[in-house]
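What follows is a single structure, written as structure tokens, with notes after it.
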Amino acid sequence: MGVGLRGDAHVLLEGLQAARIVGILRAADDEAAVHAAIASVQGGLQALEIAFTTPNAAQVIAALRQRFPDSVLLGAGTVMNPKDAQAALEAGAEFLVSPHFSKSVLEVALETGIPYLPGVLTPTEVVSALELGVHAVKLFPIGSSGGVSYLQDLLGPLPSLRAFVTGGINPPDAPGYLRQGALAVGLGSKLFPVTAVRNLDGAVITSATQLALREALP
């Protein structure tokens with residue numbers, strides 16, 4: 001969905017919630033990223049976040065959108081500025097994620113109707129983002145910040161919060177987050193072993209994805 005075509009943030013967030021697990025992919029080059037992403041989808045993954053630390057990340061998203069026009073929810077991660085946001089949306093990204101809150105990235109997202117999930121952690125950061133029009137947030141880094149217990153504490157005063165949780169989560173931890181009310185759970189290296197991504201070893205990535213999903217979604 002390119003810039004100029006309005007999306008429906010709520011529908012797209014429902015897609016994330018239905019997928020439950022989002023694969024967060026970083027690679028040293030675009031070929032490795034595309035290869036790894038395809039292998040993970042073959043392993044059952046339904047949602048992918050392509051980090052913009054990957055070279056030519058927008059081209060990676062475009063290639064995957066062409067390969068999977070409707071069957072995979074594709075997003076862009078580590079989106080640090082409006083230029084990256086525009087490039088991601090033009091390539092077909094359906095959601096934007098960053099490790100921080102960026103008002104300028106939010107403006108791009110609101111203009112196009114695509115959800116932007118900024119990285120926040122404290123109640124003040126969460127509420128400040130919501131007041132500016134964010135529909136959902138990325139709680140990061142959740143694993144080293146109290147994990148499921150912290151999510152539970154945060155949802156006490158903010159029961160309607162839609163939180164994508166990432167950072168230091170292992171597949172067996174995912175059910176606890178989902179039961180507690182997380183929108184979705186982000187997993188990285190357990191789906192995408194670094195050596196396998198670098199060596200274009202699709203069979204290893206597919207197998208790792210299958211195992212991780214069995215543990216995350218028992």
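Every read-out reported here was derived from the displayed coordinates using simple, explicitly stated rules and does not represent laboratory data. Bear in mind the structure is a predicted one, so any value in this text is a computation, not a measurement. Cβ atoms come from the backbone with ideal geometry, glycine included; neighbour counts cover every protein chain shown.
Can you tell me which residue among Leu106, Leu96, Leu89 is in contact with a Phe, Trp or Tyr (Cβ under 6 Å, 6 or more places away or on another chain) and either among the hydroxyl-bearing types (Ser, Thr, Tyr) or crowded, with 23+ Cβ neighbours inside 10 Å (or both)? Give the derivation first.
On the way: Leu106 fails: either among the hydroxyl-bearing types (Ser, Thr, Tyr) or crowded, with 23+ Cβ neighbours inside 10 Å (or both); Leu89 fails: in contact with a Phe, Trp or Tyr (Cβ under 6 Å, 6 or more places away or on another chain).
Going through Leu106, Leu96, Leu89 in turn, just one is in contact with a Phe, Trp or Tyr (Cβ under 6 Å, 6 or more places away or on another chain) and either among the hydroxyl-bearing types (Ser, Thr, Tyr) or crowded, with 23+ Cβ neighbours inside 10 Å (or both): Leu96.
Return the total of residues in the range 173-191 being closer than 21 Å to Gln42 by Cα, over 11 Å from the mean Cα position of the chain (by Cα) and not basic (Lys, Arg).
The qualifying residues number 3.
Check Pro118 against each of (1) crowded, with 18+ Cβ neighbours inside 10 Å; (2) out of contact with any His (no Cβ under 8 Å at 6 or more places or on another chain); (3) under 29 Å from Pro175 (Cα atoms); (4) free of Cβ contacts under 8 Å to residues at least 40 places away in the same chain and name the one condition it does not meet.
(2)
Restricting attention to helices (runs of 4 or more DSSP H) lying wholly within the range 118-218, give those where 1 or more residues are under 30 Å from Glu31 (Cα atoms).
Working: elements: 123-131, 147-155, 174-180, 194-198, 202-216.
So the answer is 174-180, 194-198, 202-216.
Pairs, please: C-beta under 6 Å, at least 6 apart or cross-chain, first residue within 22 Å of Arg65 (Cα to Cα) and in contact (Cβ under 8 Å) with a residue 24 or more places away in the chain and in the range 87-114, second surrounded by fewer than 16 Cβ atoms within 10 Å (Cβ to Cβ) and small (Gly, Ala, Ser)?
Glu90/Gly2
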